[in-house]
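Enquirer: Structure below; questions to follow.
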Amino acid sequence: MTIWRISGGEGAPGSGERAAPRYDIVELDTALLNIAAASGSPWLRMAGEIDVSNAPAVAAALRDARTRLAGDVHVDMAALAFMDVAGLRVFTVAAREMHDLGRLIVLHTVSPHIDRLFRLIGWHATPGLTIHCRPHR
């Protein structure tokens, strides 16, 4: 379910700087996971934990972003504390769908343990998936 939230002018451009995305659409807001989207840009922000219980909601948010915008979908994962294999699978399935459209899902600020899971399973090389801003080892 998508809930529109009025934004108080966040992300307004300052002295020549590129504006940060305005996360003004709340795709999911539960005790476990918050997914916010930016209506005017290709960004999603995920905070909390992704597991089998909320993986369908993550898939829906990625699908909504794909249909709302024409380009690549960017996901800010800086505040994501945990992801299980069900969550990884959601991203790889969505990435394959994006690849079929000539687009990408770009994951930003992926934590070391989530990056390691992608690599251990081998899904880091999924067509249509780019892991950007990899953690320093």
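The values are calculated or read from the model by the stated rules, or taken from the named source; none is laboratory data. All of these numbers come straight from a predicted model, not from anything done at the bench. Cβ: placed from backbone, ideal geometry, glycine included. Neighbour counts: every protein chain shown. Accessible surface is based on the protein model in full, side chains and every heavy atom, while ligands, DNA and RNA are left aside. Shrake-Rupley method; radii C 1.70, N 1.55, O 1.52, S 1.80 Å.
Enquirer: When you scan segment 122-133, how many residues do you find that are closer than 17 Å to residue 97 by Cβ and in a strand (DSSP E or B)?
Expert: Number of matching residues: 2.
Enquirer: Out of all the residues in segment 100-111, which are within 17 Å of residue 60 (Cα to Cα) and either part of a helix (DSSP H, G or I) or touching a His at 6+ places or on another chain (Cβ under 6 Å) (or both)?
Expert: Scanning segment 100-111 gives a single hit, 106.
Enquirer: Checking the condition modelled with pLDDT of 95 or more and either touching a strand residue (DSSP E or B) at 6+ places or on another chain (Cβ under 8 Å) or in a helix (DSSP H, G or I) (or both), which residue from 56, 21 passes?
Expert: Residue meeting the stated conditions: 56.
Enquirer: Let me ask something additional. If you go through segment 78-92, how many residues are open to solvent by 30 Å² or more (accessible area, probe 1.4 Å) and in a strand (DSSP E or B)?
Expert: 4
Enquirer: For segment 62-77, enumerate the residues that are part of a helix (DSSP H, G or I) and either at pLDDT below 95 or open to solvent by 40 Å² or more (accessible area, probe 1.4 Å) (or both).
Expert: Result: 63, 64, 65, 66, 67, 68.
Enquirer: What tally of residues in segment 48-61 results from selecting those that are under 12 Å from residue 77 (Cβ atoms) and surrounded by fewer than 21 Cβ atoms within 10 Å (Cβ to Cβ)?
Expert: Summing the residues that are under 12 Å from residue 77 (Cβ atoms) and surrounded by fewer than 21 Cβ atoms within 10 Å (Cβ to Cβ) in segment 48-61 gives 2.
Enquirer: Is segment 99-109 home to any residue that is loosely packed, with under 13 Cβ neighbours inside 10 Å, acidic (Asp, Glu) and without any contact (Cβ under 8 Å) to a residue 60 or more places away in the chain?
Expert: Looking through segment 99-109, at least one residue is loosely packed, with under 13 Cβ neighbours inside 10 Å, acidic (Asp, Glu) and without any contact (Cβ under 8 Å) to a residue 60 or more places away in the chain.
Enquirer: Hey, another quick one. Go through 119, 45 for me and flag whichever is without any contact (Cβ under 8 Å) to a residue 60 or more places away in the chain, open to solvent by 50 Å² or more (accessible area, probe 1.4 Å) and in a helix (DSSP H, G or I).
Expert: Result: 119 is the single residue among 119, 45 that is without any contact (Cβ under 8 Å) to a residue 60 or more places away in the chain, open to solvent by 50 Å² or more (accessible area, probe 1.4 Å) and in a helix (DSSP H, G or I).
Enquirer: Which of (1) within 20 Å of residue 122 (Cα to Cα); (2) in a strand (DSSP E or B); (3) of a type outside the set (S, T, N, Q) does residue 35 not meet, given it meets every other one?
Expert: Exception for residue 35: condition (1).
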